[in-house]
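Notes follow the structure.
What follows is calculated from the coordinates using simple rules that are stated; it is not laboratory data. Because the structure is predicted, anything quoted here is derived from the model rather than measured. We place every Cβ from the backbone using ideal geometry, glycine too, and count neighbours over all the protein chains shown.
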Amino acid sequence: MSEDATLSDLDPEAVRSALVEWYEADHREFPWRRTTDPYEILVSEVMSQQTQLDRVVDAWAAFLDRWPTVDALAAADRSDVVAFWSDQRLGYNNRARYLHEAAGQVVDDFDGEWPRTPADLQELMGVGPYTANAVASFAFDAGDAVVDTNVKRVLYRAFGLDDDDTAFEAVASELMPAGESRVWNNAIMELGGVACQQRPRCDEAGCPWREWCHAYETGDFTAPDVPTQPEFEGSRRQFRGRVVRILGEYDELTLDELGPRIRVDYAPDGEYGREWLRGLLSDLADDGLIDVEDRDGTAVTRLRE
DNA sequence: GTCCGGTTCA
DNA sequence: TGAACCGGAC
């Protein structure tokens, strides 16, 4: 699907401002979101690629405590940097080496003057397209749209794109408000991080794109990085448990509201759709756990009193 | 035991 | 294009 066909019937300004306002109203606080120092940003990005964000917080602070500036890192012994990385259990020890080497490049090749554009930043060792855009955005507010797996998942679901990197790139940059890469890339990655996760939390997180979202409309929350056949083992029992747990959190739900919360590949008319869900629910009803009621042709279910 | 991730290198 | 890197979550 091309971006024109996908986005033509949307008001891009409304889509943009909805996301930015959602982000600005409330988001997770990470210490690296309070700095625009490119060195500090680069360290946080390299760490974040491989490690859960809450673990990065401590490692990032410790790293900057030990090597507070790019000059300090460039002057350090490589072995000390690698040893630190290993001690912090950051994985991929090569990245410590890359980071050290990148610091040397900034000092020597760029005379201590940080490259500011994604293209120039990519000359640094260990800095690929993702990291270059992240640093350009968060340090200099001069990046292009970031496309990582979170962003792909968001775009794939919201706009029904194909799983195709060219399409993701095109839509991502068309969507990004010009010159606002800092807030935009923070916002769209926050959306992927707290709302549009592998298991979607559209309502819980108050996703600002629900009114436009293709997946929210169809109930099909598949995504490139989401396994299409979750948990083959114990499937039925596992899904019965999920139904009861989810219904405990809600008063009542229609099939299409419940389905996506049970399994991310729920699609109303798909293999795991209304038919499949009805079968599951009738077993649970037979066991006296839930009630299923037809209301104006729509099945509604709730826990039995 | 399997999967995840951005980059380098062959 | 795909293997390799590494530790944690599940």
Residues with amide H under 5 Å from that of residue A:252, placed H, sequence gap 5 or more: none
For A:53, A:121, order by how many other beta-carbon atoms lie within 10 Å, fewest first: A:53, A:121
Sorted by Cβ neighbour density within 10 Å, fewest at the top, the residues A:305, A:249: A:305, A:249
Given the Cα-Cα distance of residue A:211 and residue A:36 and 0.36 nm per residue of separation, how much length would full extension add, in nm? 59.6 nm
Karplus couplings for region A:18-26 from phi (6.51 cos²θ - 1.76 cosθ + 1.60, θ = phi - 60°), rounded to Hz, Gly and Pro as x? 4, 5, 5, 5, 4, 5, 6, 5, 6
Low-density loop positions, trypsin sites (Lys or Arg not before Pro), region A:27-127 - DSSP coil, at most 16 other Cβ in 10 Å: A:28, A:89, A:116
Answer rounded, prolate or oblate for region A:37-140, using the Cα gyration tensor with square roots of eigenvalues a ≥ b ≥ c: rounded when a/c is under 1.5, else prolate when a/b is larger than b/c, else oblate. oblate
Do you know the relative contact order of chain A, to the nearest whole percent, from alpha carbon pairs under 8 angstrom that are 6+ apart? 14 percent
Give me the one-decimal nm value for the distance between modelled label points at residue A:165 and residue A:14, 7 Å along each residue's Cα-to-Cβ direction. 3.4 nm
